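The values are calculated or read from the model by the stated rules, or taken from the named source; none is laboratory data. A quick note: this is a predicted structure, and the numbers were derived from the prediction, not measured. Here Cβ is always computed from backbone atoms with ideal geometry, including for glycine, and neighbour counts include all displayed protein chains.
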Amino acid sequence: TLTVVGSINIDHVIRLPQFPRPGETLTGSDYRIVPGGKGANQAVAAARAGATTRFIACVGEDTLAQSLIDGFAADGIDTAAIERIEGINTGVALIQVNAEGENSIALAAGANGRLTPEQLSRHTEGLHCEQLLLQLEIPLATNIAAASQAKVQGARVVLNPAPAQSLPDELLTLVDLITPNETEAERLTGVTVNDDAGADAAARALHAKGIATVIITLGARGVWLSEQGRGQLIPGFKVKAVDTTAAGDTFNGALLAALQQRQPLLQAVRFAQAAAALSVTRPGAQTSVPYQDEINALLES
Ligand code: ADP
C-alpha cells in the first residue's frame, strides 16, 4: 500500500490576463471551485495512476468537506483515516492563473493545521505501508512522526518538500526519495538551480543528508534524476501548457504508483512525467489529474 499523509484544500481558481499588482483590482474570465491540496492531489494522482492508496488527512465541518471525501472514495482511495474536525474550516487555496498558465497561490491551512502527531497516532495502522508520501502543508512534527514510524516499518519514505521551506535534518535524514522543484531545491540547499550543474550540486547536497534518491523537477525541461551522486537530465514530454497547477503533485502520485507496480526508477520517472505533462494541458488541480490508461497512451504514442 501507498499511504499519503497530507493536506486537503478547496481551491478557488480565477483565470486572469495577468496577476494583479498590490492595490490593483483585475477582473478574471472564469471562476471555479476545484478540489485541491498537495496531499489530496498526490493521493488522487497515485490512485488514478493505479496505486492502492490510503489517505490520512483532516477536513473541516463545512458543507463541501463530505463531497471531497466522496470524490476520493470514487477514485478508489481508502478514506477511513480522513477525519472531520469540529469548529474549523477545510483548508482553502485562492489561486490565480495568468495567460501563460502560471499560478500564484494564497493558502489558509484550516483543518490541515489540526493534523497533529496526536491526530496521526489515531491512525498508526495507516503507517504499516510499503511507501509513505509526504508534503509540507501539514505540521512539520506530524511529517517527522509519520516518517519515523514508517521507516521503522521498513517503508520507503518519499518527501515532496512543497511549498518551499527549509527543513531540519531530523526530517531529511528519514527520507529515502525527495522530489523538490527548482525553488524548493534552492531553499533546502542554498544552491541555485538554473542549469544542470546547479541541479547536480543541489542533488549532492541532499545526498549528503543521507537521501539516496533525488529527483529535482525542472518544469517543462523535465527532471534531474540523481542516485548515489550520479545525475542525469530526463527530458519531459512536449505539450501545450494551459495550467501547471498540480503538475508536481501529479508527478509525485504517478511516480509512486509506478514504483508500487515495481517499475524500475527510470521507467517510473518517464511514467510520472507523462502523467504530469497531461495534467498541464488541463485546467485545475484534481480535475487535471490523468488516469493510468491515458498515461500509457501518451507513453506509447
Ligand atoms: P511544480 O508544479 O511542483 O512546480 P514542476 O513545474 O517542476 O513542478 O513540474 C513537475 C513536472 O511536471 C516536470 O518535471 C515535468 O515532467 C512536468 N511538467 C511541468 N510543466 C510542464 C510543461 N510545460 N510541459 C511538459 N511537462 C511539464
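Quick rundown of the values:
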{"quantity": "Failed condition for residue 262, given (1) in contact (Cβ under 8 Å) with a residue 40 or more places away in the chain; (2) more than 11 Å from the ligand (Cβ to nearest atom); (3) not acidic (Asp, Glu)", "calculated": "(1)"}
{"quantity": "Members of segment 193-242 that are more than 10 Å from the ligand (Cβ to nearest atom) and either assigned to a loop (DSSP other than H, G, I, E, B) or touching a residue at least 60 places away in the same chain (Cβ under 8 Å) (or both)", "calculated": "193, 194, 195, 208, 209, 210, 211, 212, 228, 229"}
{"quantity": "Test result for residue 48, over 30 Å from residue 117 (Cβ atoms) and in contact (Cβ under 8 Å) with a residue 12 or more places away in the chain", "calculated": "no"}
{"quantity": "Residues (farther than 29 Å from residue 11 by Cβ and of a type outside the set (S, T, N, Q)) located in segment 207-233", "calculated": "207, 208, 209, 210, 211, 212, 225, 227, 229, 230, 231, 233"}
{"quantity": "Segment 11-38, residues that are crowded, with 24+ Cβ neighbours inside 10 Å and touching a Pro at 6+ places or on another chain (Cβ under 9 Å)", "calculated": "11, 13, 38"}
{"quantity": "Positions within segment 243-258 being near the ligand (Cβ under 8 Å from one of its atoms) and either more than 13 Å from the chain's Cα centre (by Cα) or among the aromatic types (Phe, Trp, Tyr) (or both), in sequence order", "calculated": "251"}
{"quantity": "Any chance residue 271 is of a type in the set (A, V, I, L, M, F, W, C) and within 10 Å of the ligand (Cβ to nearest atom)", "calculated": "no"}
{"quantity": "Of all residues in segment 287-298 being away from the ligand (no atom under 14 Å from the Cβ) and in contact (Cβ under 8 Å) with a residue 60 or more places away in the chain, the one that is nearest to residue 232 (Cα to Cα)", "calculated": "292"}
{"quantity": "Counted residues, segment 130-162 - those being touching a Cys at 6+ places or on another chain (Cβ under 7 Å) and surrounded by 24 or more Cβ atoms within 10 Å (Cβ to Cβ)", "calculated": "1"}
{"quantity": "Residues of segment 212-226 satisfying the condition of being more than 17 Å from residue 249 (Cα to Cα) and either among the hydroxyl-bearing types (Ser, Thr, Tyr) or at pLDDT below 95 (or both)", "calculated": "213, 226"}
{"quantity": "So residue 99, is it more than 15 Å from the ligand (Cβ to nearest atom) and among the small types (Gly, Ala, Ser)", "calculated": "no"}
{"quantity": "Subset of segment 274-286 [within 12 Å of the ligand (Cβ to nearest atom) and of a type in the set (S, T, N, Q)]", "calculated": "279, 281"}
{"quantity": "Single residue of segment 163-176 satisfying the filter (within 16 Å of the ligand (Cβ to nearest atom) and over 15 Å from residue 202 (Cβ atoms)) that is surrounded by the fewest Cβ atoms within 10 Å (Cβ to Cβ)", "calculated": "165"}
{"quantity": "Test for residue 32: is it among the basic types (Lys, Arg) and closer than 22 Å to residue 288 by Cβ", "calculated": "yes"}
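Okay, residues lined up against (1) crowded, with 24+ Cβ neighbours inside 10 Å; (2) assigned to a loop (DSSP other than H, G, I, E, B):
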site: 40; (1), (2): yes, no
site: 45; (1), (2): yes, no
site: 50; (1), (2): no, yes
site: 54; (1), (2): yes, no
site: 57; (1), (2): yes, no
site: 62; (1), (2): no, yes
site: 67; (1), (2): no, no
site: 71; (1), (2): no, no
site: 76; (1), (2): no, yes
